[in-house]
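Here is the structure we will look at.
The values are calculated or read from the model by the stated rules, or taken from the named source; none is laboratory data. Since we're looking at a predicted model, the values are computed, not measured. Areas reflect the complete protein model, heavy atoms only, side chains present, ligands, DNA and RNA absent. Shrake-Rupley method; radii C 1.70, N 1.55, O 1.52, S 1.80 Å.
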Amino acid sequence: MHILLILFGAIVSYFFWIQYIYYRHNSAKSRKHWLRFMLCRDKQIKSSQTSDLTGDVRALFLTAHPDDECMFFAPAILRLVELNASVHLLCLSQGNYYNQGFQRREELLDSCAVLGIPASQVTIHDCKELPDDPNVEWSISMASSLILKHIRAHSINLVLTFDGRGVSGHSNHTAIYKAVRILHSPTDCSLLSLLTIGVLRKYLSFLELPISWLLPSDLCCIIGSKGYIQAKRAMLCHRTQLLWFRYLYIWFSRYMIINTFQVIDQGPKNLKIY
């Protein structure tokens, strides 16, 4: 009986902890921390000025395929849109692995509309050298060149993309990370990578939140039930991808609710940039 009471108390305490983290993350102080990170990391801007500079954040999400934006980055996108940042998306393929490129292109635009990214700020590349194919090694220098041109053309100061393990291990995801690491990026552009976590944590949904909260990261993005519904609606726009296991992903993946990022340490810039 005592063991059951202790177990019940632990479960209740855990859920209260989750509720507390949600409250802390959505507080005014947390929002200011976001702005301080995004605007002051590489700029000489005083923290007292950040409350008036929300619109100065010009964020670029780099993805490999249509549906990456909502499967992996929805919490960060929604938080940035909520803060009135200018959010852009650059997708380096149109997802033509099963010859569905045209449909997937339209699905991506629909998904971005749900997430709050206007079509005018969505760019989808269709390069033969960068196909949607895990068995094809992408040209890192070409990908880096396309990314850099986009950063310069849109005055981007915050880039968010995959890390070296690409969340799902897809080679196209990891190629983007390699391309970002060699960027000759402007000094005022912060580069962040989405942390890949183990399978068990990945499918704990919101129950994983205390773990992400405690472990070190440079930026943590959390959305509540309203944001999750929005992320789910965006995922459902990708009708060609809605196989049975995608529904399991929607219900159980913590990436639909939580994103944690780390700063990308740029590697040697010894590749040719076109």
**Asked** Where the convex hull is taken over the Cα atoms of the stretch 65-163, what is its projected area averaged over directions, in nm²?
**Response** 6.5
**Fill in**
Taking alpha-carbon centroids only, the stretch 91-116 lies from the stretch 196-268 a number of Å equal to 20
**Request:** May I ask you to give the solvent-accessible area per residue for the stretch 78-145, in square angstrom, as obtained with a 1.4 angstrom probe?
**Result:** 45
**Message:** Taking amide H atoms as placed 1.01 Å from N in the peptide plane, list the residues 5 or more away in sequence, or in a different chain, whose amide H sits under 5 Å from that of V167.
**Reply:** T196
